[in-house]
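See below for the structure under consideration.
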Amino acid sequence: MAEQPVRVLLIDDDRDYYLLTRELLWEIEDSTYILDWSNDYASGLEAARSNAHDVILIDYMLGARTGIDLVSEALASGCRAPMVLLTNQTDKSIARAAVSAGAADYLIKGRIDAYALDRSIRFARERRRAEDAIEKARTREIEIGANIQNALLLSEPPEDVRGLDIAAVSRPSQRVDGDFWCFARYGDSELDVLIGDVMGKGVPAALFAAASKMVFGTNVLRLILLLRQYARLPDPEEIVAALHHSMTANLARLGSFITLCCARFEVRKQQITFVDAGHMRTLHYRPSNNRITYLEGDNLPIGVSSTELYTQSRAAFEQDDVFVFYSDGVTEARDGNGAMFGLEGLEATVRATAHLSAREIADSICDAAMKHANHRGTADDVTCLVVRTVDDGNEWPLQTTSMEVTSAPHEIDSMRRLVDWFCDKQAIDPPLTAYEKSTLVLAVSEAASNILHHAYWGTRDRRVQVTLEAYKGEVRVELTDWGRRFDPNDVRAPDFDGTRDGGFGVYIISQSVDDYSYSRDALGRNRLLLIRRAHGRHEAEPPPPH
Amino acid sequence: MTLKTRKIDEVMIVGVPGPNLDISSSDAFKIAMAPILASDRKVVLDLGDVEFMDSSALGSFLTCLRQLNAAGGDMKLCRMRKTIRNLFELVRMHRVFEILDTADEAAASFR
């Protein structure tokens, strides 16, 4: 197959040299060249920018300016073709300046023959092809890394941990980092946060970070099962030790390590328990006394020493405190003079935004760090995770009880009896009246029937969980199942004229409780919450008008 | 499910077994009612033993009523507890069923 003709642009104010070059290119037998000519700097730059050529030959002397200026300017404005500088002089410094400005090669005018020109053009083009291939591979790696990062490393924080407002934000750098975070929940008000950074960049670091998350999750699960017989949760130091044990051999083989912080928030105890394994120290701001402290331990990163004993520390928190976990990309963001954003920048941002939501604080921190770096892009990912301890407006239940039954119809009576028994708890004071209690029992019964019918389609060996919570003057019942999605809000209103046998259940529920809400949770469960308050009512309100 | 029945004149009084009539028993109730619906036109359900009823039980009552109505008969209810009365009023079924205090009153109402 014949080679494609090679389009060459010559930028030279000497017409004779254009003619000479054309002669030389004609002489070359096994390639076809098409030569365009620009005879001054401005038109040459214009032509170079159009990216219509495979190679550009540029004369060093271009009126008041030089070919080296043109090389720089053409590159800066997006010229992709390799450029070869032509000079009359044998001065090595010009040659060096040309190459460092981005020229692919340089030729001495008086010594050019057809062979040398052909060779230079071929090499310049070959080199550009190789550079393009590398660039493409690099872009691809960034894409893969970014996909790993989005899909695996940066999971969304849980939204419904009582008393905690959590947000995580990451602004990616030029290359993928090994930053990752993950969460483990225990009950409704206990949460583990693991934030880590695998040393290194690119796909290997991202893959290691993904593996760390997976190992963390698996270990937490294994430890929970192991410690179940002692009726306690694994401690953060045990979780980190297990992670360390699982990963150290592989990390050592690859010469990498992981810095991390594993912190458990226990909202009811107002206590944080953490292991600091060489990660950026977690910031703890207390608005009530305007003080900032850092959660600090002295453990080595994971993967450094197989004999490391990981030890946890504790700190107390109060409502409205702010915790900031962050990557070195935040504090090490540099401005034009090389000055870092630093802890000063971080602390100032936290103090100024601590009254806002966790999401707003996290965004503000990342924005401030990026702004400090003048948005030029940072060397490392700018990542931060903010946990704010909040009053979610919910009181803690005074008493709770729960039960699991199979999805068999006769079990509904067990649920009714449990609700009936629970409604007489002292803690509810003021108590529900007999009438109010009977309506809640009815609502629970109807909701359970719906689960059996619509979520489980009559299968009798599945599970239904019921949890009861007593509050002052209020009982909450939550029914949970693993069945098909069944949202009572999708059910149409019943007929009240006796022409239809069914369809009353949801209407009865809605009329028998003060409030109810349905959700499909993160584990794929149907959750129906029923709330009945004590109003001292002894009989039904008059039925609504027909 | 076995239903205790007695007659007051030509009215069939059916004692609905308690204490719960819900999704676990409403189908059995319908089956037990079938022979009565086939042989009688005037039926009274005595709910004296029923402490709890849900919407599926209500649905089974409606099925029985419609069957009797179609054959030119009727079904009435008696001895209903307050909590169950609340359920009927909630879904307006007190307008569909005639509800009386005692079996005798219910039987008399057919005359």
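The values are calculated or read from the model by the stated rules, or taken from the named source; none is laboratory data. This one's a predicted model, so the numbers in the text were calculated from it and none came from an experiment. Virtual Cβ from ideal backbone geometry, glycine too; neighbours counted across all protein chains shown. SASA here: full protein model, heavy atoms, side chains in, ligands and nucleic acids out. Shrake-Rupley method; radii C 1.70, N 1.55, O 1.52, S 1.80 Å.
Numerical summary
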item	result
Accessible surface of B:E98 - all protein chains present, 1.4 Å probe, nearest 10 Å²	80
Straight-distance crosslink candidates among lysines, where the alpha carbon sits under 30 Å from A:K109 and sequence neighbours closer than 8 are dropped	A:K92
DSSP bridge pairs, the protein assembly as shown: antiparallel proportion in percent, nearest 5	70
Contact order normalised by residue count of segment A:6-136, Cα under 8 Å, 6+ apart, percent	24
HN-Hα J in Hz across segment A:385-398 - Karplus 6.51, -1.76, 1.60, θ = phi - 60°, x for Gly and Pro	10, 10, 10, 10, 8, 10, 8, 7, x, 9, 7, 7, x, 7
Rounded to the nearest 10 Å², the accessible area of A:F123 at probe 1.4 Å	120
DSSP bridge orientation in segment B:4-108 - percent antiparallel, rounded to nearest 5	25
Solvent-accessible ranking of B:F110, B:F61, largest area first, probe 1.4 Å	B:F110, B:F61
Helical mean residue ellipticity (222 nm; -39500 (n - 2.57) per DSSP H run of 4+; nearest 500) of chain A	-11500 deg cm²/dmol
Prolate/oblate/rounded call for chain B, Cα gyration tensor, a/c under 1.5 rounded	rounded
Shape call, segment A:86-206: gyration tensor on alpha carbons, a/c limit 1.5	prolate
Chain A, accessible area per residue, ligands and nucleic acids excluded (1.4 Å, Å²)	49
Solvent accessible area, Å² - A:D391, 1.4 Å probe, full protein context	100
On Cα atoms only, tilt of A:92-101 relative to the major axis of chain A in degrees	30
Proximal lysines relative to A:K136, as straight alpha-carbon distance under 18 Å, when same-chain residues fewer than 8 apart are discounted	A:K201
Three semi-axes of the equivalent ellipsoid, segment A:154-389, Cα gyration tensor, whole Å, largest first	27, 23, 14
Around A:A116: net Lys/Arg minus Asp/Glu count, Cβ-Cβ under 12 Å	0
Relative contact order of chain B, defined on C-alpha pairs under 8 angstrom at six or more residues apart (%)	28
Under Karplus coefficients 6.51, -1.76 and 1.60, residue-wise ³J(HN,Hα) of segment A:220-237 in Hz, glycine/proline x	4, 4, 5, 5, 4, 5, 5, 8, 4, 5, 9, 6, 9, 8, x, 7, x, 5
Contact order normalised by residue count of chain A, Cα under 8 Å, 6+ apart, percent	9
Label point at A:D391 placed 7 Å out along Cα→Cβ; residues across segment A:326-356 whose backbone nitrogen lies under 17 Å	A:355-356
Ranking by accessible area, most exposed first, for A:L226, A:L70 with a 1.4 Å probe	A:L226, A:L70
Relative counts (whole %) of C-alpha pair distances in segment A:226-297, using bins that are 10 Å wide	16, 38, 29, 14, 2
Cα convex hull of the protein assembly as shown - mean projected area over all directions, nm²	46.7
Two-decimal Rg/Rh across segment A:399-486, once Rg and the Kirkwood Rh are taken from alpha-carbon atoms	1.00
Where a label projected 7 Å from the Cα of A:H410 along Cα→Cβ would reach, residues of segment B:17-35 with amide N under 19 Å	B:17-32
Pairs beyond 27 Å (Cα-Cα), from B:K4/B:K42; A:K269/A:K437; B:K4/B:K82; B:K4/B:K76; A:K269/A:K425; A:K437/B:K7	A:K269/A:K437; A:K437/B:K7
Solvent-accessible surface ranking, highest first, for A:W26, A:W421 at 1.4 angstrom	A:W26, A:W421
